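See structure below.
Since every read-out is calculated from the coordinates, none of them should be taken as a lab result. Being a predicted model, the structure only gives us computed values, none of them experimental. Because the Cβ atoms are built from the backbone with ideal geometry, glycine has one as well, and the counts that use them run over all protein chains shown.
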Amino acid sequence: MPTIAIVGAGPGMGLAVARTFGSRGFDVALVARNRDGLDRLVDRLGAEGVTAAAFPADVLDPEGLTGALADAAARFGGVDVLEYSPAGSLGSAPLTAPSDTTPADVRWAMDLLLHGALTATRAVLPSMREAGAGTLLYTNGAGSIDPNPLLGNLNAAQAALRNWVLGLHGELVGTGVQAAHVAIGAWVGTDGPPGVPAVRAEEVAPLYWELHTRRDEAERVFTA
């Protein structure tokens, strides 16, 4: 069975992506900080006939994240698709306007988005290169493309992640490994702030399967 590792797995996008790939024959490795939350997702997926396992790790802990992905590869015989989306950790983060942003204001977002993605990628890419096959998918906000002045520090880190992913896509052309960026221009779920466009995770998840199977696009942008 092929395997997808979802880093930042939660009951929204993570579960929707897991269902999308799991219903097509993939095993699912779920990586996030909360073991109890992961176990609940494993149970839900198992009830739907999807083989899944939990690998607790914090994306801010490079050694722990690398170890979790190594454990996932050992459990399932490799990782064929990586999906990186630690968005749940952004909810309580301090946000700043561009002119008020300090290096410290950006550092946490860079650690979470870019630096965590670098760690996760380095954990799985060597074996993908060796096999000549694999998919790397990175979830981001649309502020990575069209910045919102209220999110100056977050958008800076989002743009850094996007820039790196697009560069990685270009580097991997011809290797059999696909890297792509997904920018979501809506609030995923029903608990968003008033006036902000909302979307169900199940509406976005098919984009990931399309990027995995078509293998010729560096980016998809989803708008409500």
Query raised in the report: Where Lys and Arg each count +1 and Asp and Glu each count -1, what net charge lies around Met1 among other residues with Cβ under 11 Å from its Cβ?
Result: -1
Requested in this report: Rounded to the nearest 500, what is the 222 nm mean residue ellipticity of the chain from helices alone, with -39500 (n - 2.57) per DSSP H run of 4+ residues and division by all residues?
Outcome: -13500 deg cm²/dmol
Query raised in the report: Given +1 on the Cβ of Lys and Arg, -1 on the Cβ of Asp and Glu, and no further charges, what dipole in debye does the chain carry about its Cα centre, rounded to the nearest 20?
Result: 200
Query raised in the report: How far, in degrees from 0 to 90, does helix 152-172 lean away from the longest principal axis of the Cα atoms of the chain, to the nearest 10?
Result: 40
Query raised in the report: Given Cα pairs under 8 Å that are at least 6 residues apart, what percent is the relative contact order of the chain?
Result: 19
Query raised in the report: How many nm is it between the label spots at Glu48 and Leu60, if each spot is 7 Å from the Cα in line with the beta carbon?
Result: 3.0
Query raised in the report: Helix 116-131 versus the longest principal axis of the chain: what angle, 0 to 90°, nearest 10, using Cα atoms?
Result: 30
Report task. Enter the Cα centre distance for the pair region 139-165 and region 1-42, rounded to the nearest angstrom. Result -> 25
Query raised in the report: How do 202-215, 106-119 rank on mean C-beta neighbours within 10 Å, highest first?
Result: 106-119, 202-215
Report summary line: The summed charge of the Gly152 Cβ neighbourhood (under 13 Å; Lys/Arg +1, Asp/Glu -1) stands at -2
Report summary line: Cα pairs beyond 32 Å in the chain, in percent, come to 12
